[in-house]
Every structure is written in structure tokens, then in C-alpha cells.
Amino acid sequence: MKMTFRWFGEGNDLIPLEHVKQIPGVEGIVWALHDIPAGEEWPLDRIMEVKELANQHGFHIDVVESVNVHEDIKLGLPTRDRYIANYKRTIEKLAQAGVKVICYNFMPVFDWTRTDLFKELEDGSTALFFENAKIKDLDPVELVKEIAGNSTLTMPGWEPERLQSLSKLFEQYKYVTEEDLWVNLQYFLEEIIPVAEENDIKMAIHPDDPPFSVFGLPRIIINKENIHRFLKLVDRPANGLTLCSGSLGANPTNDVAEMIREFACRIHFAHIRNVKTYDNGDFIETSHRSSDGTVDILEIMKAYHEIGFTGYARPDHGRHIWGEKCRPGYGLYDRGLGIMYLWGIWDLLERTKKEEALCYQSMKI
Ligand code: CS2
Ligand code: MN
């Protein structure tokens, strides 16, 4: 398992890379050019700037999160070909810089959705919260205003240019069914997967967050059956997954550990975090510890260990603790704690495996 940490770039992230370096075992930063609008080609010199800065701090830039997919591609509009051509050129340039995995998602209009970015937990920390009843009668425009107004930093997935024409987008999606979205996804994959393969890059789709329809928009990367279907659309190793335990875990019927054992070598990037779900459909992000949420992180780590996972992982979101002023979900402290929890489990699993092997050898003698 290769541990990484998401970092939003110089001037766009309050956490200095020097501090990220102090978290044990972090080898790379997960990055993106957050100011480039979805659908545009990423300039090579900008990519190289990030690489140089990361390398100076002893980090690799193997994983990009995300190269966002233009809405016209998801909508299947004739204009999509121009954006797909740009996407392919971006893949080629990222490969030139040594990138190995590209994370992306295929969620209409909104990336992740929450109703509260700073919901207080019992211990006084705050975290991202989803209130099912609230979302039902919420106007998406109001939610955007609230979310954008609560953060002075760019919020990935909530980029202003993508959300400016919100009502037009909703109008366009009125006629897009889940089946249409599958067809549009297949069209996109058939175009880009061969380019990724030629460039030794693995594409890793992120599941929908939350894994069910919100505001009546279609959502398809939501459970085991659909992920099977996704992998078959283009049945090649380069067409793989970012397996996000927190996103999938927001639906308690999703068994993430079972998915890890099943999808094994098609998982190129692991997002590991916990959420606590409630019977009324609400959920809140918690610490990584298994007993704090409803996602069994311990079992998930066992599953990764069992499949011999050598891919990239990151702690995904964290709570806001110890008075830290940070981007919602992306503080230094709780993600650092999360990493240490993951290492604790992983190291024990490794040690046990070694000791078992030794014991077996000595028994033979
Ligand atoms: C999510 C998403 O995993 C996460 O952190 O908050 O924003 C995720 O980055 C995208 O869906 C990946 O494309
Ligand atoms: Mn995630």
C-alpha cells in the first residue's frame, strides 16, 4: 500500500508541504490543477511546476484527483467530442510527467453532496453531514450558495463555472435517464481507455457520493452490481476504480470489504474513511476508527491486505479538530490521525503474516 495525501496546491491549500512530510509513511501528494475548468486541456508547464514543487519536498505526483469530466460528455451532447479530445491530450501530458493514476467521477452536476459542512459531533469536533429530510425540500441553488459561502477556498466539485448555469443544467438532465448515463459513460470510456493504456495510466472512477440519487439526478456508480457493470463496459485493467469506503458506506447495504475482495486488481486507488449512518438516511463523517462509524475500517484493511494491495491509498476526509481552520473535510490533523490508524492496522497485519510464515518454517524443522 502506497500512502498519499490530498493537497490542493500552492496558494490554494493552507497546509504546508513540510507539515504533510511529518506524517509517517506519506510518499506522494494527490493533486490537480484546480483552476482549470472541466473540459479544458491541462498545460504541460503547469503540470511540471507541481511536479517540481512536490519533488523538492520529497513527494511523487503519481496520482491526480481529479481530471473532471465536462457536463456535455455526461449529457452525451454533440459538443462532447471536443472535450474528449482535450481529455486525451491531458492524459498524454500527465503521462509525460510520470503520472500513473487518474481519478475522476461521472456524477451529474454535483460531485459530493452534503447539507452541512460543519456539523458538531458529540466531542465538539465538526464534520461534513448529510441530512436526508433537508435535501428533499431544498432548492439546489440555495445549497450551492450555502456551501460556496461557507468556504473561501475553491471547493473541488463545486467550481463556480460549473455551477453558474445550474438551472440550465437541471433542465438538460431532465431528459437523461440512468440508462442514458450508462451509454454516455461507455462512449467516453471507449475513447479514453485506449489512450490511457498507451500511456501506461490507470483510470480510476470515484463512486457517487452519496451513492443514491439526489435532486432527482441519475446516479450509477453506487453499488456492487453497478460497479460490475461499469468494469465490463471496457473490460481492461486500465478501466478501474477509486474505491471510496466513505462514499459507498453512506448506503449501509454496501459491503465495502466484500467489494475489495471481489474487484481486487481493478482497484487502483483506495479512499479510506468512515461514516456513521442513521436509519432516517442521514449520515455524518467520523474519525477513521471502526467503532466510531458504521463502516468497518478494520475489515476493509484486512481485505486490502488479503488481496496483496500494492496500489495508492489516502485517508480521504477528516473531521475538523483541535481548532484547526481548514478546508471542509481536508484538515491536516484528523487526516494525519486517520493515516496512523490505517498504518497501525496494516503494520500488525504485515507482522502477523511474517510471524506465521516463520512459525510454519520452524514447525517444518
Ligand atoms: C470526494 C470527491 O473523495 C473525495 O474527496 O470529496 O470530491 C472526489 O474527490 C471526487 O469525486 C473524485 O472525482
Ligand atoms: Mn473519496
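In segment 117-136, the qualifying residues are those that are farther than 16 Å from G157 by Cβ and assigned to a strand (DSSP E or B), and the one that is farthest from ligand 2 (Cβ to nearest atom) is E120. Against the numbered list (1) within 19 Å of the chain's Cα centre (by Cα); (2) at pLDDT below 95; (3) of a type in the set (A, V, I, L, M), V67 comes up short only at (2).
So for segment 180-191 (the condition being touching a strand residue (DSSP E or B) at 6+ places or on another chain (Cβ under 7 Å) and closer than 26 Å to I297 by Cβ), does at least one residue qualify? Steps first, please.
At the first step, the residues of segment 180-191 found to be touching a strand residue (DSSP E or B) at 6+ places or on another chain (Cβ under 7 Å) are 189.
Next, only the ones that are closer than 26 Å to I297 by Cβ stay: none.
No, because not a single residue in segment 180-191 is touching a strand residue (DSSP E or B) at 6+ places or on another chain (Cβ under 7 Å) and closer than 26 Å to I297 by Cβ.
Take the residues in segment 325-365 that are part of a loop (DSSP other than H, G, I, E, B) and buried (at least 16 other Cβ atoms within 10 Å of the Cβ); name whichever of them is nearest to ligand 2 (Cβ to nearest atom). Filtering segment 325-365 for residues that are part of a loop (DSSP other than H, G, I, E, B) and buried (at least 16 other Cβ atoms within 10 Å of the Cβ), the one nearest to ligand 2 (Cβ to nearest atom) comes out as G329. List every residue pair whose Cβ atoms sit under 7 Å apart, with the two residues 6 or more apart in sequence or on different chains, where the first one lies in segment 61-82 and is in contact (Cβ under 8 Å) with a residue 12 or more places away in the chain and the second, anywhere, is within 16 Å of ligand 2 (Cβ to nearest atom) and part of a loop (DSSP other than H, G, I, E, B). Taking only residues 6 or more apart or on different chains, the pairs are V64/A32; E65/A32; S66/A32; V69/F106; K74/F106. Inspect all residues belonging to segment 230-242 and state whether any of them is within 16 Å of the chain's Cα centre (by Cα) and within 14 Å of ligand 2 (Cβ to nearest atom). Within segment 230-242 (the criterion being within 16 Å of the chain's Cα centre (by Cα) and within 14 Å of ligand 2 (Cβ to nearest atom)), the answer is yes, since at least one residue qualifies.
Go through F269, F263 for me and flag whichever is within 16 Å of ligand 1 (Cβ to nearest atom), at pLDDT 95 or above and either part of a loop (DSSP other than H, G, I, E, B) or under 17 Å from the mean Cα position of the chain (by Cα) (or both).
F269
A search for C-beta distances below 6 Å between a residue of segment 112-129 that is without any contact (Cβ under 8 Å) to a residue 12 or more places away in the chain and any residue that is within 13 Å of ligand 1 (Cβ to nearest atom) and of a type in the set (A, V, I, L, M), counting only pairs 6+ apart in sequence or on different chains, returns nothing. The criterion of at least 2 residues that are of a type in the set (A, V, I, L, M) and within 16 Å of ligand 1 (Cβ to nearest atom) is met by the following helices (runs of 4 or more DSSP H) wholly inside segment 161-253: 178-198. When V109, V99 are checked against the criterion of being more than 16 Å from ligand 2 (Cβ to nearest atom), outside any strand (DSSP E or B), in contact (Cβ under 8 Å) with a residue 60 or more places away in the chain and touching a strand residue (DSSP E or B) at 6+ places or on another chain (Cβ under 6 Å), a single residue qualifies: V99.
Cβ separations smaller than 6 Å between residues 6+ apart or across chains give the following pairs from segment 233-257 residues that are closer than 17 Å to M301 by Cα to residues that are surrounded by 24 or more Cβ atoms within 10 Å (Cβ to Cβ) and among the polar types (S, T, N, Q): V256/S245.
Within segment 12-66, the set of residues being of a type in the set (G, A, S) and either touching a helix residue (DSSP H, G or I) at 6+ places or on another chain (Cβ under 8 Å) or in a helix (DSSP H, G or I) (or both) comprises G25, G28, A38, G39, A54, G58. Residues in segment 137-148 that are away from ligand 1 (no atom under 16 Å from the Cβ) and either touching a Leu at 6+ places or on another chain (Cβ under 7 Å) or in a strand (DSSP E or B) (or both): P140, V141.
Scanning segment 2-27 for residues being more than 16 Å from ligand 2 (Cβ to nearest atom) and over 30 Å from V109 (Cβ atoms) gives a total of 13. Could you tell me whether segment 234-257 includes any residue that is more than 25 Å from V183 (Cβ to Cβ), in contact with a strand residue (DSSP E or B) (Cβ under 6 Å, 6 or more places away or on another chain) and surrounded by fewer than 17 Cβ atoms within 10 Å (Cβ to Cβ)? So far as segment 234-257 goes, yes, one or more of its residues are more than 25 Å from V183 (Cβ to Cβ), in contact with a strand residue (DSSP E or B) (Cβ under 6 Å, 6 or more places away or on another chain) and surrounded by fewer than 17 Cβ atoms within 10 Å (Cβ to Cβ).
The values are calculated or read from the model by the stated rules, or taken from the named source; none is laboratory data. Everything quoted here is computed from the prediction, not taken from an experiment. We place every Cβ from the backbone using ideal geometry, glycine too, and count neighbours over all the protein chains shown.
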